[in-house]
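The values are calculated or read from the model by the stated rules, or taken from the named source; none is laboratory data. Because the structure is predicted, anything quoted here is derived from the model rather than measured. All Cβ positions, even for glycine, are placed from backbone atoms using ideal geometry, and neighbour counts span all protein chains on display. To get the accessible areas, we keep the full protein, side chains included, count just its heavy atoms, and leave off ligands, DNA and RNA. Shrake-Rupley method; radii C 1.70, N 1.55, O 1.52, S 1.80 Å.
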Amino acid sequence: MNIIPMPKSATLKDAKIRLGKNTVIEGDFSKTSELLKEYLNKFECGENTKINFVKNTNIAEEGYEIKSEKDGIVISASTDKGAFYAIVTLKQAIDDGDGAFGADIKDAPKYEYRGFMLDCSRHFWRKEKIKQLLDVMADVKMNIFHWHLTDDQGWRAEIKKYPLLTQKGTTRRSSALYHPSDDLSKKITKDEKYGEGFFYSQDDMKEIVDYAASKHIEIVPEIDMPGHMVAAISCYPELSCRGKETEVSCRYGVTEDILCCGKERVFEFAKDIIDELCEIFPGRYFHIGGDEAPKARWKECPDCQKKIKELGLKDENALQGYFNSQMAKYLKSKGKRMIGWNEILDARDIMDKDIVAQWWWKYSIGNKNEKEWMREGGQCLLSLCPYVYMDHAFSMRPLKKTYSFSSKNLTDDDSQVLGMEIPQWCEFIEDEDKLDMLTYARLITFSEVCWTQDSKKDYKDFETRLENMRKRLSGLGAKICPQKIYRGKVKPFYVISSASAWAFWNKHHDFEFDQMKKMLSSD
């Protein structure tokens, strides 16, 4: 059967039941069953067949069972989520045929958190595009959309108390075309203004939240702080240590201008942002970033040094830990659980164990912080860059490598692993066609990585199912790049080593993108 992600168990039956517009649908989960009824209308069959939805509280929250009987099927689940995922499986299994289905399936996810992150700061993506991505996520049982809304290069979320954030903070005067180390590029920047008016109003964000909820997808907003805050500082310079006028960043990478955590004004600003966004995003989690926050400014800032002394902190890393803890405490008062990139663990000794660390790089400064964190009862999300980052070319990271990712790459004990997430960073992704090429094949692949038990994974079989489902997934808007590209077989002539590949990753996916267009035009 062509099902992604692969279920826990699936037993084919000799006889198949033809389901269609005449199938009787009854039982529990009436709202969810209506979705199936609407879908089956496309098949001109179904006489003398029925589908019965049964609530069974012994089944896991997102689990389900599908049992084929002589005149129809029984779908069992304990929640609407489970019933919804049963429908997803059923639709995948019969979509390319004539409505015929014959199997017994028992299924439940490996992890409760199965996430996809989209960077909308560096390049802005339309609401319609985000909805299309949510459609595909739902079809492969992904349940968390991590929305990266702010960074040095642009602020994209309307905050009514701070109108300059979207009046000024959205717009940069130019954009970097390639990584700064890419000396093969004669022209490093695109000298035109980008981002004016490119932001999500609070009504836009509410609309996306509601759309996602209809597909059992929870949205996690991210406001990256105290680093990656140049867009905000350009609007309100007093938030920085120096208080100097600056502009929205036109370059990518790490900058030394970050929020000044020696000023109470910064804590007030952060809480004001949280206040407004918590009214929009009802989910359990709120992401504060916390990555790549250099402390050079703090070392020379009298306000930061005074704060360190007053609080009895040992150094600048501890000051960031204090900031993180204050944000976590405030979010907790609003019923939210804080997530941060794994650099936040550099001050793990002063952090609440309720905080979730998103493990994207091999180790934080302490080198053992992540494993110690989990051993002490803290939880991690796994997003290890060399396996799952989507913005790198397939010649650097073929689909097979992403599929091979497992908690075993990082830890022998995954009891404290909350889940997994695959991020799409968009510094060098300017248009939707390139976004599609770099995103969809990996997003669909990753759904099996974080749903299916490692013992059931088989890349060769997965690739066969992916190709068999290409037409169906295209109907949802998932433009999957050609097989030759996602296998990493298209390589630029100047690749001489893995180090070279890393330095020129954006040139690689530009090359792959050009080759893909040629392949598609020849077809």
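Residues in segment 130-144 that are farther than 15 Å from R442 by Cα and either crowded, with 22+ Cβ neighbours inside 10 Å or under 9 Å from the mean Cα position of the chain (by Cα) (or both): N143, I144. Here G243 fulfils each of the conditions (1) open to solvent by 30 Å² or more (accessible area, probe 1.4 Å); (2) under 30 Å from Y85 (Cα atoms) apart from (2). A search for C-beta distances below 6 Å between a residue of segment 191-212 that is over 20 Å from R284 (Cβ atoms) and any residue that is among the aromatic types (F, W, Y), counting only pairs 6+ apart in sequence or on different chains, returns F198/F124. Only a single item in (1) touching a residue at least 40 places away in the same chain (Cβ under 8 Å); (2) touching a Gly at 6+ places or on another chain (Cβ under 9 Å); (3) of a type outside the set (V, I, T) is not met by S9, and it is number (2). Among the residues of segment 426-442, those that are assigned to a helix (DSSP H, G or I) and either over 16 Å from the mean Cα position of the chain (by Cα) or touching a residue at least 60 places away in the same chain (Cβ under 8 Å) (or both) comprise E432, D433, K434, L435, M437, L438, T439, Y440. Looking at segment 67-78, can you tell me whether even one residue there is over 24 Å from M420 (Cβ atoms) and among the polar types (S, T, N, Q)? Checked segment 67-78: at least one residue is over 24 Å from M420 (Cβ atoms) and among the polar types (S, T, N, Q). Of all residues in segment 45-88, those being open to solvent by 10 Å² or more (accessible area, probe 1.4 Å) and over 18 Å from A103 (Cα atoms) number 14.
Checking each residue in segment 89-100 for being crowded, with 18+ Cβ neighbours inside 10 Å and aliphatic (A, V, I, L, M) picks out L90, A93, I94.
Which of the residues that make up segment 304-334 are modelled with pLDDT of 95 or more and open to solvent by 60 Å² or more (accessible area, probe 1.4 Å)? Those that are modelled with pLDDT of 95 or more and open to solvent by 60 Å² or more (accessible area, probe 1.4 Å): Q305, K306, K309, E310, L311, G312, K329, K332, S333, K334.
Scanning segment 376-396 for residues that are open to solvent by less than 10 Å² (accessible area, probe 1.4 Å), out of contact with any Leu (no Cβ under 7 Å at 6 or more places or on another chain) and in a loop (DSSP other than H, G, I, E, B) yields G378, S383, H392, A393, F394. In segment 33-57, the residues that are without any contact (Cβ under 8 Å) to a residue 24 or more places away in the chain form Cβ pairs under 7 Å with partners that are of a type outside the set (S, T, N, Q) and open to solvent by 80 Å² or more (accessible area, probe 1.4 Å), at six or more places apart or across chains, as follows: N41/K21. Checked against the criterion of being touching an Asp or Glu at 6+ places or on another chain (Cβ under 7 Å), open to solvent by less than 10 Å² (accessible area, probe 1.4 Å), at pLDDT 95 or above and outside any strand (DSSP E or B), the candidates F462, F405, F446 yield just one match: F462. Yes or no: W361 closer than 25 Å to R284 by Cα and crowded, with 18+ Cβ neighbours inside 10 Å? Considered against the rule, which asks whether it is closer than 25 Å to R284 by Cα and crowded, with 18+ Cβ neighbours inside 10 Å, W361 comes out as no. When the strands (runs of 3 or more DSSP E) confined to segment 30-130 are screened for residues that are touching a Ser or Thr at 6+ places or on another chain (Cβ under 8 Å) and modelled with pLDDT under 95, those reaching at least 2 such residues are found at 100-107. Taking first residues from segment 451-478 that are among the basic types (K, R) and partners that are assigned to a helix (DSSP H, G or I), the Cβ contacts under 8 Å between residues at least 6 apart in sequence or on separate chains come to K457/Y403; K457/E448; K457/V449; R472/Q92.
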